[in-house]
């Protein structure tokens with residue numbers, strides 16, 4: 001026990017290339033097969049696709065500035081790539097090294113390290129260079145291990161584990177010379193039911209999550225896994241730094257170059273929001289201003305804590321709110337901090353106070369005293385490495401798989417560094433079009449139209465509408481940023497099904513008018529719910545008029561927030577959908593409202609009113625869960641993780657089951673909201689392909705392993721036919737004579 005509790009000073013491996021993965025990445029060039037030798041895309045191809053391993057890019061962000069990490073002297077850079085390993089059910093990560101002077105000569109990368117993750121976390125992430133230009137520091141893990149901080153010397157190839165924390169480290173920063181590390185780590189599971197107090201006195205329910213109460217501990221819910229902050233100096237054991245507010249795994253954390261100070265972003269509990277924050281106008285966000293009129297649920301506000309690493313203390317930078325965490329920059333001498341934020345109101349009057357209530361300012365903060373002054377944006381320190389002579393970019397579009405390229409701004413020369421997926425030359429990828437259409441209200445929207453690989457003009461095909469947004473700048477096997485949870489665009493197209501990835505507003509003004517972000521599914525407000533239905537209907541009309549689809553064979557899926565939109569289409573649209581899938585999201589129903597407090601815009605979901613008293617009439621009319629009798633579509637439901645997901649769609653499963661309508665519910669208890677583990681991706685994505693292939697084309701996969709699946713689905717099809725016969729009979733029955 002004593003040995004286990006001791007701080008592990010280092011775990012050192014020294015080999016030519018450190019590898020914890022059995023297979024290797026397919027990075028080399030391959031002979032180009034003829035078009036007749038190419039084969040259709042499968043879900044396995046999507047899972048094995050090599051991708052840039054950057055979390056922001058994975059979430060849908062721009063790849064610019066996220067492809068390469070340059071050393072401080074600019075002489076070298078590294079790129080991290082990932083791919084799924086179906087056989088091992090892991091994600092393989094490779095850390096690739098390049099010399100900047102060779103970048104325009106198409107050099108082969110030096111593979112420094114390969115590691116594999118069997119969890120929902122990255123195997124290699126948050127890569128940093130130390131000031132010696134020789135050492136890389138990063139978060140990493142092996143299968144069935146917790147994530148820890150490692151250092152790798154690129155010359156000696158010596159890998160050193162810098163931490164030995166008893167739980168996974170989720171975020172960190174390290175001083176330029178490597179002598180100070182600040183990190184966030186998962187807290188131990190917090191028991192709720194299995195405690196002496198609960199057995200003796202019971203549990204007084206206040207603000208606990210229903211999902212946590214049912215599961216029995218806080219660690220089972222992503223909304224309940226708080227983070228602890230630790231400081232580690234050199235070879236000393238880490239010391240916990242008390243943080244009163246809530247820190248999450250994605251909370252921003254940044255050390256000053258000298259390691260004397262740090263900034264940590266935290267969220268504020270609703271019951272602890274300073275009363276004075278209600279005086280801010282939050283002009284750019286009406287909801288934030290209205291929040292103080294009816295404080296409930298989780299707080300959308302945060303603030304930065306200033307950490308003094310010598311004292312081991314963390315205190316608020318100042319008494320002012322933050323909506324999302326603004327980027328920050330330390331001065332090179334570590335004395336000043338630059339950011340854009342609201343400023344404190346205390347001690348201000350008249351015009352100055354009114355201005356602070358309404359505006360955010362660019363400010364310079366002196367860390368030793370926390371004194372600040374307003375500055376101009378151009379006074380911020382310039383970020384980036386001025387000595388870097390090339391740009392490293394990710395080149396891709398909707399029909400071209402991503403490739404890593406080097407670009408010389410002076411000569412305008414561009415060179416291929418890495419073809420991430422040369423194996424795609426064996427595949428019939430099919431064609432994707434940018435498709436534009438108008439809703440009945442005249443709003444212009446665009447989406448991605450994935451055409452069948454055997455597309456023939458004049459032939460009508462089944463259609464699947466995949467919701468939650470469209471990115472016209474990205475290549476995708478799945479349909480949207482490789483979000484595998486509810487998407488399988490190219491594998492569906494390979495089965496002879498047209499896929500519409502919908503949608504993005506063409507004009508920003510339309511986005512603002514409807515009250516959405518215009519891109520990734522947006523807020524599930526009543527206005528956007530109704531608009532989404534008209535957008536789907538408009539797309540069906542336009543594609544039907546084009547002669548491309550069979551409108552009698554249209555399927556729809558919803559994921560996360562867009563479950564609400566797809567659910568509304570199934571219950572309120574005038575059009576029929578032949579099959580549907582709703583994946584791990586909110587259905588904008590009464591049960592969710594009561595059980596979880598709902599989305600921040602919950603009172604604007606169904607008629608713009610809460611579901612009580614006379615207002616309940618509006619919910620009876622608008623809420624999808626109160627209109628399940630109108631669903632005439634076979635529905636597959638899917639939930640991820642031991643949190644609220646399973647309960648969010650329970651209203652649909654229970655209601656459709658009681659109404660004797662065809663419904664199936666798939667539960668992936670260890671999955672993340674955004675699926676990452678290969679076997680879970682296969683279950684979800686292949687299930688999606690099989691489901692729509694079965695209901696829209698009447699075809700089954702002959703794989704013997706799927707015998708039970710199709711047995712269930714045939715029973716659901718018999719039930720669907722019985723319901724259709726009853727509906728037809730009821731419609732044909734003559735009206736009673738008075």
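The values are calculated or read from the model by the stated rules, or taken from the named source; none is laboratory data. Please read these numbers as outputs of a predicted model, since none were measured by experiment. Heads up, the Cβs are rebuilt from the backbone with ideal geometry, glycines too, and the neighbour counts pull from every protein chain shown.
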So, in region 123-150, how many residues would count as being out of contact with any strand residue (DSSP E or B) (no Cβ under 7 Å at 6 or more places or on another chain) and more than 19 Å from residue 55 (Cα to Cα)? 5
Residue list for region 622-661, filter: in contact with a strand residue (DSSP E or B) (Cβ under 8 Å, 6 or more places away or on another chain), within 16 Å of residue 579 (Cα to Cα) and in contact (Cβ under 8 Å) with a residue 60 or more places away in the chain: 633, 634, 635, 638, 652, 661
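Residue-wise test of (1) under 16 Å from residue 93 (Cβ atoms); (2) assigned by TED's automatic domain parsing to the domain that holds residue 309.
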| position | (1), (2) |
| --- | --- |
| 124 | yes, no |
| 129 | no, no |
| 136 | yes, no |
| 151 | no, no |
| 185 | no, yes |
| 213 | no, yes |
| 230 | no, yes |
Segments classed as helices (runs of 4 or more DSSP H), wholly inside region 502-586, with at least 3 members that are at pLDDT 95 or above, crowded, with 23+ Cβ neighbours inside 10 Å and touching a helix residue (DSSP H, G or I) at 6+ places or on another chain (Cβ under 8 Å): 562-572
Keeping to region 75-104, report how many residues are touching a residue at least 24 places away in the same chain (Cβ under 8 Å) and not in a strand (DSSP E or B). 9
Within region 412-431, which residues are in contact (Cβ under 8 Å) with a residue 60 or more places away in the chain, within 18 Å of residue 106 (Cβ to Cβ) and not in a strand (DSSP E or B)? 420, 421, 422, 425
Restrict the check to region 675-688 and report whether at least one residue is touching a helix residue (DSSP H, G or I) at 6+ places or on another chain (Cβ under 8 Å), in contact (Cβ under 8 Å) with a residue 12 or more places away in the chain, over 21 Å from residue 494 (Cα atoms) and assigned to a helix (DSSP H, G or I). no
Of all the residues that make up region 461-486, how many are on the phi > 0 side of the Ramachandran plot and crowded, with 24+ Cβ neighbours inside 10 Å? 3
Selected residue (only one of 719, 696 is under 34 Å from the mean Cα position of the chain (by Cα) and part of a helix (DSSP H, G or I)): 696
Within the bounds of region 592-612, is there any residue that is within 29 Å of residue 687 (Cα to Cα) and either at pLDDT 90 or above or buried (at least 24 other Cβ atoms within 10 Å of the Cβ) (or both)? yes
Restricting to region 699-715, give me the number of residues that are surrounded by fewer than 15 Cβ atoms within 10 Å (Cβ to Cβ) and in a helix (DSSP H, G or I). 8
May I ask you to list the residues in region 105-119 that are touching a residue at least 12 places away in the same chain (Cβ under 8 Å) and out of contact with any strand residue (DSSP E or B) (no Cβ under 8 Å at 6 or more places or on another chain)? 119
Is at least one residue of region 352-362 assigned to a loop (DSSP other than H, G, I, E, B), farther than 22 Å from residue 380 by Cβ and modelled with pLDDT under 95? no
Got a number for residues in region 50-59 being surrounded by 16 or more Cβ atoms within 10 Å (Cβ to Cβ), in a loop (DSSP other than H, G, I, E, B) and within 17 Å of the chain's Cα centre (by Cα)? 2
Taking the stated definitions as given, is residue 487 closer than 14 Å to residue 685 by Cα, at pLDDT 95 or above and not assigned by TED's automatic domain parsing to the domain that holds residue 59? yes
Can we say residue 333 is in a loop (DSSP other than H, G, I, E, B) and in contact with a strand residue (DSSP E or B) (Cβ under 9 Å, 6 or more places away or on another chain)? no
Mind listing whichever residues of region 432-468 are in contact with a helix residue (DSSP H, G or I) (Cβ under 8 Å, 6 or more places away or on another chain) and in a loop (DSSP other than H, G, I, E, B)? 439, 440, 441, 443, 451, 452, 453, 467, 468
Among the residues of region 318-360, what is the count of those that are within 17 Å of residue 265 (Cα to Cα) and under 29 Å from the mean Cα position of the chain (by Cα)? 16
